[in-house]
Amino acid sequence: MRLEVAAQTTTHAALRPTVPVLLYHSVCDEPSGQIAPYTVSRATFQRHLDAIHGRHDCLSVSDLARCLAGETAWPSRPLVITFDDGFADNLDVAAPMLAARGLPATVYVTTGYMGRGAMLEWSAIAGLEAMGVEVGAHAHTHAPLDELQLDDAKEEIRRSKQMLEDRLGHAVRSFAYPHGYSDRRVRNEVKSAGFASACAVRNALS
């Protein structure tokens, strides 16, 4: 499970419901060895979506951030679906299954991976948005940002944001930390870059 979503907000914690934030990577029946531990089959993903549909009110991460900021009312049963890295099957397999049920999601794209192997092509990210999937940034090379020199972390964060915005033609407001790791200086750089929310990883509810 994805963690917490940290949003720039002063909303009182007592007013917030607990929110399941699900983290996927690839939806594939025959994954390569390296990604296999992080992959679910089509049948498993379909069962997950069928369990969610009609029982939860799905939000994108930016929708969740707006609820946290008090800009939007909380739905009664919020749940968030996310994907990390930007696998091609996020568009070819997962997005149509989500769209068929009217479920939004957020895909975090590692910009340096685009067009490599099983990853999304640059031309595909607009297709994700057309199917109701928010596109967020997942740094440029997926390096653990808390282990980098600050200037290098800043480059990873800002380069991914700029590349996505150049392709999409609008602001990209949500970020996910590679490997789920961050420290205070990295979180500050993410805020300074103009992101309104950022996701880490933790086996807990948001």
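The values are calculated or read from the model by the stated rules, or taken from the named source; none is laboratory data. Note that the coordinates shown come from a computational prediction; the quantities given were computed from them, not determined experimentally. Please note: Cβ atoms are built from the backbone with ideal geometry, for glycine as well, and neighbour counts cover all protein chains shown. We work out accessible area using only protein heavy atoms, side chains counted, and drop any ligands, DNA or RNA first. Shrake-Rupley method; radii C 1.70, N 1.55, O 1.52, S 1.80 Å.
How do the helices (runs of 4 or more DSSP H) wholly within region 26-111 filter down when requiring 3 or more residues that are closer than 17 Å to Gly136 by Cβ, out of contact with any helix residue (DSSP H, G or I) (no Cβ under 9 Å at 6 or more places or on another chain) and not acidic (Asp, Glu): which remain? Break it down into steps so the answer makes sense when it comes.
Details: elements: 42-52, 61-68, 95-100.
By residue number, 61-68.
For the subset of region 64-80 comprising residues that are open to solvent by less than 20 Å² (accessible area, probe 1.4 Å) and either free of Cβ contacts under 8 Å to residues at least 12 places away in the same chain or in contact with a Pro (Cβ under 8 Å, 6 or more places away or on another chain) (or both), which member is farthest from Leu205 (Cα to Cα)? Full working, then the answer.
Restricting attention to region 64-80, the residues satisfying the condition of being open to solvent by less than 20 Å² (accessible area, probe 1.4 Å) are 64-65, 67-68, 78-80.
In the following step, the residues that additionally are either free of Cβ contacts under 8 Å to residues at least 12 places away in the same chain or in contact with a Pro (Cβ under 8 Å, 6 or more places away or on another chain) (or both) were identified as 64, 67, 78-80.
Numbers: Leu64: 13, Cys67: 16, Pro78: 11, Leu79: 10, Val80: 11 Å.
Among residues in region 64-80 that are open to solvent by less than 20 Å² (accessible area, probe 1.4 Å) and either free of Cβ contacts under 8 Å to residues at least 12 places away in the same chain or in contact with a Pro (Cβ under 8 Å, 6 or more places away or on another chain) (or both), the one farthest from Leu205 (Cα to Cα) is Cys67.
Cβ-Cβ below 6 Å, separation at least six or inter-chain, first residue in region 98-126 and under 25 Å from Asp50 (Cβ atoms), second β-branched (Val, Ile, Thr) and buried (at least 19 other Cβ atoms within 10 Å of the Cβ): which pairs?
Qualifying pairs under 6 Å: Ala105/Ile81; Ala105/Val133; Thr106/Val61; Thr106/Thr82; Val107/Val133; Val107/Val135.
Looking at the structure I just gave you, is Val190 touching a Leu at 6+ places or on another chain (Cβ under 6 Å), open to solvent by less than 20 Å² (accessible area, probe 1.4 Å), outside any loop (DSSP other than H, G, I, E, B) and at negative phi? Walk me through how you get there before you give the answer.
Working: touching a Leu at 6+ places or on another chain (Cβ under 6 Å): no; open to solvent by less than 20 Å² (accessible area, probe 1.4 Å): yes; outside any loop (DSSP other than H, G, I, E, B): yes; at negative phi: yes.
When the stated conditions are applied, Val190 does not pass them.
Say whether the condition of being open to solvent by 20 Å² or more (accessible area, probe 1.4 Å), of a type outside the set (Lys, Arg) and more than 17 Å from Val27 (Cα to Cα) is met by at least one residue in region 81-98.
no
Can you list residue pairs whose Cβ atoms sit under 9 Å apart, with the first residue in region 36-63 being free of Cβ contacts under 8 Å to residues at least 24 places away in the same chain and the second being part of a helix (DSSP H, G or I) and surrounded by fewer than 19 Cβ atoms within 10 Å (Cβ to Cβ)? Count only pairs 6 or more apart in sequence or on different chains.
Qualifying pairs under 9 Å: Val40/His48.
Only residues that are modelled with pLDDT of 60 or more and outside any strand (DSSP E or B): list them for region 3-25, please.
Residues satisfying the conditions are Leu15, Arg16, Pro17, Thr18, Val19, Pro20, His25.
Select from region 112-138 the residues that are open to solvent by less than 10 Å² (accessible area, probe 1.4 Å) and either touching a Lys or Arg at 6+ places or on another chain (Cβ under 7 Å) or assigned to a loop (DSSP other than H, G, I, E, B) (or both) and write down the one among them that is farthest from Val80 (Cα to Cα). Spell out the reasoning first.
We begin by selecting, within region 112-138, every residue open to solvent by less than 10 Å² (accessible area, probe 1.4 Å); these are 120, 125, 128, 133, 135-138.
Cutting the leftovers down to either touching a Lys or Arg at 6+ places or on another chain (Cβ under 7 Å) or assigned to a loop (DSSP other than H, G, I, E, B) (or both) gives us 120, 125, 137-138.
Values: Leu120: 22, Ile125: 19, Ala137: 17, His138: 17 Å.
Among those residues, the one meeting the criterion is Leu120.
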